[in-house]
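The values are calculated or read from the model by the stated rules, or taken from the named source; none is laboratory data. Remember, predicted model here, so these are calculated numbers, not experimental data. Every residue, glycine as well, gets a Cβ built from its backbone with ideal geometry; the counts of neighbours run over all protein chains shown.
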Amino acid sequence: MQSAGKAAAGRFHRLRSSIGRHPTAVTVGCTLTVAVALVIGLWGKRGDFGSALGDAPWWILGLAILLQLIWLVLRSEAWHVCVGAAGGAVSRRRLYRASSVGYLGNLFNSQFGLGVRIAALRRSAPVDSPGVSTLLAAEVPIMVVEGALVALTSFTLIGPLGVAWWVPLICLAFALVVIGILVRVARDRREGFWAGLAVMRGLQGRSRIIGLVVLAVSAQVVRNWLVLKGLGVDVSVFDSVALLIAAAVIGLLPIGPTLGVATAVLILGANGVALSAAAGALLTATAAVGALCFASWALVDRMRRTDPVAGALPI
């Protein structure tokens, strides 16, 4: 029994090491696997899927893109608050430009997007931005607040996924404990990596992050609801919240751009697989267009503010 356990642990360690060495290959492989599975599952309903895609009103898609832009700006502002509290002196414009590049990377993988954001900020502001480890830690308060909101609204998964009623209570209790620990650690440790948690030390910093994250998440919930309603999917606001939660959880897996369709089918498949898949595809597409618009602004802003003689960015 003991030898079997050691052998299983060894296999798991080798698998984890292999994934760590080849993250891009793993993401591409998982994305293709999910894509093939979706194509097979939807092949018999491809006509309904195509019709559903064409039925979405353009004004709703435009609003969905606008709401995605609002989410990107609010999320970037939350990052700016965290970086500033951690000792960074990066201007809002420069941080937003770095953020825009990272959120393009989010379309591929959220971890990849975070890495791109940090690399872009360090490259554009090596003196004014904190170190890489501190920037990594500066993302933690935002993620913890987002996780707390997921726990608070996880009761919306009881219907779609058959989650037991007591699971949301456990999730909420766990989230509150994590926040308490984070506040304690932020107050006791202030150097290196831990400096990134500085925003959690005071009530004002915590309140700003919570407010920005709540607004950002609300924009995503409304976006989900608008697109789903625009396609004729019979959903409530709670269903839109459940879709957002599932996307956040499933997004931890390396499945890339197939995330939206896979999540919509999982949560809303009872309303019709083709219709749900079309909604997921449109949510992914509008998110991509929103990210491209944000990145385009960043590119234009960078070109406009570059000194044509010295090639220096004044801000």
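A few remarks follow.
- Single residue of Leu95, Leu152, Leu107 found to be modelled with pLDDT under 90 and either more than 21 Å from Leu212 (Cα to Cα) or buried (at least 19 other Cβ atoms within 10 Å of the Cβ) (or both): Leu107
- Boolean, Asp234 is without any contact (Cβ under 8 Å) to a residue 60 or more places away in the chain, among the charged types (D, E, K, R) and surrounded by fewer than 19 Cβ atoms within 10 Å (Cβ to Cβ): yes
- Of all residues in segment 71-104 being in a helix (DSSP H, G or I) and among the polar types (S, T, N, Q), the one that is farthest from Cys293 (Cα to Cα): Ser76
- Ser91 falls short on exactly one of the conditions (1) touching a residue at least 60 places away in the same chain (Cβ under 8 Å); (2) over 21 Å from Arg304 (Cβ atoms); (3) small (Gly, Ala, Ser), and that condition is (2).
- Segment 282-299, subset among the small types (Gly, Ala, Ser) and either within 14 Å of Ala264 (Cα to Cα) or touching a Lys or Arg at 6+ places or on another chain (Cβ under 8 Å) (or both), residue surrounded by the most Cβ atoms within 10 Å (Cβ to Cβ): Ala298
- Any chance Leu157 is closer than 22 Å to Val261 by Cα, within 23 Å of the chain's Cα centre (by Cα) and either in contact (Cβ under 8 Å) with a residue 60 or more places away in the chain or assigned to a loop (DSSP other than H, G, I, E, B) (or both): yes
- The residues of segment 198-229 that are surrounded by 18 or more Cβ atoms within 10 Å (Cβ to Cβ) and closer than 14 Å to Leu268 by Cβ, listed by number, are Asn224, Trp225, Val227, Leu228.
- Being over 14 Å from Arg75 (Cα atoms), part of a helix (DSSP H, G or I), touching a residue at least 24 places away in the same chain (Cβ under 8 Å) and within 13 Å of the chain's Cα centre (by Cα) holds for only one residue in Val178, Val150, and it is Val150.
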